[in-house]
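Notes for the one structure printed next.
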Amino acid sequence: MTDLVRKVTLGRVESPKFEDFKPGDTIGVHVKVKEGEKERIQLFKGFVLKVQGSGMTRSFTVRKISSGIGVERTFPFTSPAIEKIDLIARGKVRRSRLYFMRNLRGRAARITSELVTTKSSK
């Protein structure tokens, strides 16, 4: 059964339309939000907590601090609600799952990173 599912979804997997990012990277996800009949783009900026899955089921979780409260949001890579993803900074981490960051506050919660220059600014 799983082989059949894998064969069907393999043909539907598109090449990623976003820049490659890893856990620890700071990204900005531009999400389409529908409010009534209007649709607008909302920016969700934070660091990548984890990337999981493969193929059609691949997803990533982004965490940010909003008004002193931690907010996490999981996005599927194949979601039509994602307009674009901006890579803001590359983080230097040694783990693929950064769950320990949930318990850290202040300076301890910082990730060593280097800023990424965009192609147009070179």
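The values are calculated or read from the model by the stated rules, or taken from the named source; none is laboratory data. Because the structure is a prediction, the values reported are computed rather than measured. Note: ideal-geometry Cβ built from the backbone for every residue, glycine included; neighbour counts use all protein chains shown.
Annotations for the structure displayed:
- Within the stretch 59-70, one or more residues are modelled with pLDDT of 90 or more, aromatic (Phe, Trp, Tyr) and within 19 Å of Ile111 (Cα to Cα).
Results for (1) more than 10 Å from the chain's Cα centre (by Cα); (2) touching a residue at least 60 places away in the same chain (Cβ under 8 Å), shown as yes or no for each residue.
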position	(1), (2)
Thr26	no, yes
Val29	no, no
Phe44	no, no
Gly53	yes, no
Ile88	yes, yes
Arg94	yes, no
Arg97	yes, yes
Arg107	yes, no
